[in-house]
Structure formats: structure tokens, C-alpha cells
Amino acid sequence: IPKGKTVALIGPSGAGKTTLADIILGLLPPVSGVVRMDDKNIYENLRSWRQKLGYIPQSIYLSDDTIRNNVAFGIYEAQIDDNAIWKALEKAQLKEFVQGLENGLDTYVGDRGVRLSGGQRQRIGIARSLILNPELIICDEPVSALDVSIQAQILNLLADVKKENGISYLFISHNMSVVRYVSDKIAVMYLGNIVEYATTEELFSRPLHPYTQALLSVVPDANPHARKEKIRLKGEIPSPMDIPDGCPFHTRCPYATVDCKHIVPKMHSINEEHSVCCLKYE
Ligand code: SF4
């Protein structure tokens, strides 16, 4: 994930997107492979690398505690003072709101105090993820629980934070319109494998993997006169506990051949901006 860029990770439920996020965050050790930041394996010094990683989940759960403790939640080793919390709240565009509350940072949230809206809770989550000045933030469906008008505000806020602080994002989402709006590059995942990786423009204008083609064929078009042939995939996604031999997509692929049942395709570079994992292109 290049510095200051957003890479979106898309794929069906059960593809392994959140598992990958957990591995990058150091919550789940990889069975194989390496997670590198600045070309170093983060698992060799997880404690120090964790400070460079932020996380924004789909729904922010706040404890029935003060705003201060909710923003600094989970950080026991770093020195967090009120200045750092105000700074994070300012970046999350929540400083004035919190200042306006009678007791400021000491105001209780939840049943004991102020009730926050969905958007405000997400902003607290953003402030929480920014508190240690991370280099990479993993956003796991950060707006899917919000209504559409609030979604746009939060997406614009994330874009501003990225621009001002040079942060990179790994952005996990099901919503292709959101992905198109926020990302510089997109990785498509299917049954634990990245099957296509391209710049956003390339992927939307020239999807190559049959799964990506099917996925994009059902995205509604803003132009009511545009006619797209919808590709409907047959069958269910196989269990990740029992991944098919050969190409993991062959059980549902409209172009599958006999080779696809036995040969595992490798990632193949089409050009500098586009790679795909499919025997059709090898
Ligand atoms: Fe389909 Fe074969 Fe390509 Fe897999 S390798 S996506 S089954 S054509």
C-alpha cells in the first residue's frame, strides 16, 4: 500500500478480507507469508509497529465512560495527554462539539450522559484511530452502518485526514460506488486469494477476472440509458475450509476449462497498473 494512498479490498463475504485485516493489525498471526511495513516484518517487533497502525471498524462501540477515555481506549502504554486527544478530535471534526458539551472531555457518553448519533460515534472512532499518528489505517466497512448523507461526510473526512497527514488506508468494503470514490487501487479477493489488482480507473474500465466482471456487471449505473449485461454467477461460494483444487473460482466461472480444475493460476501482470490471476491471461 503506497504512502498516502488508499487501496480498497473487495470480495464476497467469507473471502478473508477481515482475516487479512486482523493479520496486518497483528491480531492473528499469519500461517504463511510476511506482513512488511517499511520493508520490515512487523511480527518481529509487533509492539512498536502496532503504534503505526490504526483501525476503524464498521460500528464503533463506545463504553459508558467519558469521551476522553473512549478516545484513548485501549492505549495503556503510550503517554496520552488531553492535548493529543483534542488534536485527534479536531482532525475528526468533533472538537467544537465536544468543547460545547458542559464538561468537555469528561462528559460521559451512553446511558450515563450524552447520546451520540451514528456519525458522531464514527468520528469518535476516527479520533481513536488517529491518536497515535498512525501511518496506515485499516477501515473495515467504515460507513456501511450509516445513512447515505452521513456516509458522504465521513468519506470526505477520511479523504481530508489522508491528505493532511499522508496516511495510507486499506479500505474494506462491499459498496462498489464507495470504493470507486475513495480508492487509488483495488484488490479483489476470492476465497483467500487476491485474484485481481489494478488502479481504480483500470479496474472499472477493464475488469479482467471473471469474478470481477460479474461483480461490476451488477453495479447500478448513474446513466439510466446505459445497458449492461448482468452476469449472474451460479452456485454458492465454496467453504473456505474446503477450497476447490485448481483455480478456486472454477466451480462458478462461466469460462472454466478442464485445465482450470487442476492448475492453480498465478498472478500475471498485464501492465504496470493491472495484474490478474486467471489462466485465460497466462
Ligand atoms: Fe475462470 Fe479458469 Fe480463469 Fe479460474 S482460471 S477464473 S476458472 S477461466
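Observations on the structure shown:
- Here the Gaussian network model covers the chain, with springs between Cα atoms less than 10 Å apart; of H174, H250, H225, H225 fluctuates the most.
- Isotropically averaged projected area of the range 1-80, using the convex hull of Cα atoms (one quarter of hull area), nm²: 7.2 nm²
- Taking amide H as placed 1.01 Å from N in the peptide plane, L116 has its amide H under 5 Å from the amide H of G110, each at least 5 places away in sequence or on another chain.
- Whole-number D in µm² s⁻¹ for the chain, Kirkwood Cα-pair radius fed into Stokes-Einstein, 10 °C, 1.306 mPa s: 77 µm²/s
- Neighbour net charge for G11 - beta-carbon separation under 11 angstrom, K R +1, D E -1: 0
- Centroid-to-centroid separation of the range 167-182 and the range 213-257 [C-alpha atoms, Å]: 20 Å
- GluC sites (Glu not before Pro) restricted to the range 50-145 and DSSP loop, no more than 16 other C-beta within 10 Å: E77, E102
- Global geometry of the range 202-282, whether rounded, prolate or oblate, following the gyration tensor of its Cα atoms and the 1.5 cut on a/c: oblate
- Amide hydrogen neighbours beyond the local backbone of I56, cut-off 5 Å, H modeled: I138, C139, D140
- Size of the range 62-139 as Cα extents on the principal axes (Å, biggest first): 32, 24, 21
- From most to least packed by mean Cβ count within 10 Å, the peptides 209-216, 254-261 give 209-216, 254-261.
- Gyration tensor verdict on the range 1-140 (Cα atoms; rounded if a/c is under 1.5, prolate if a/b is larger than b/c, oblate otherwise): prolate
- Nearest-20 debye value, the chain charge dipole, Cβ charges on Lys, Arg, Asp, Glu: 500 debye
- Measuring how big the range 137-282 is from its alpha-carbon positions, Rg and Dmax come out at 16.9, 51 Å.
- Rg and Dmax of the range 127-181, both derived from C-alpha coordinates alone, stand at 11.1, 30 Å.
- Net charge over other residues, Cβ less than 12 angstrom from the Cβ of S117 (K, R count +1; D, E count -1): +2
- The range 159-230 shape via C-alpha gyration tensor axes, a/c threshold 1.5: oblate
- Sorted by Cβ density within 10 Å, fewest first, the residues V218, V98: V218, V98
- Cα long-axis angle, helix 82-91 against the chain (0 to 90 degrees, to the nearest 10): 50 degrees
- Rounded tilt (10° steps) of 118-130 against the dominant C-alpha axis of the chain: 90 degrees
Values in this text are rule-based calculations from the coordinates and carry no lab data. In this text the structure is predicted, and so the values were computed from the model without any measurement. All Cβ positions, glycine included, derive from the backbone under ideal geometry; neighbour counts span all protein chains shown.
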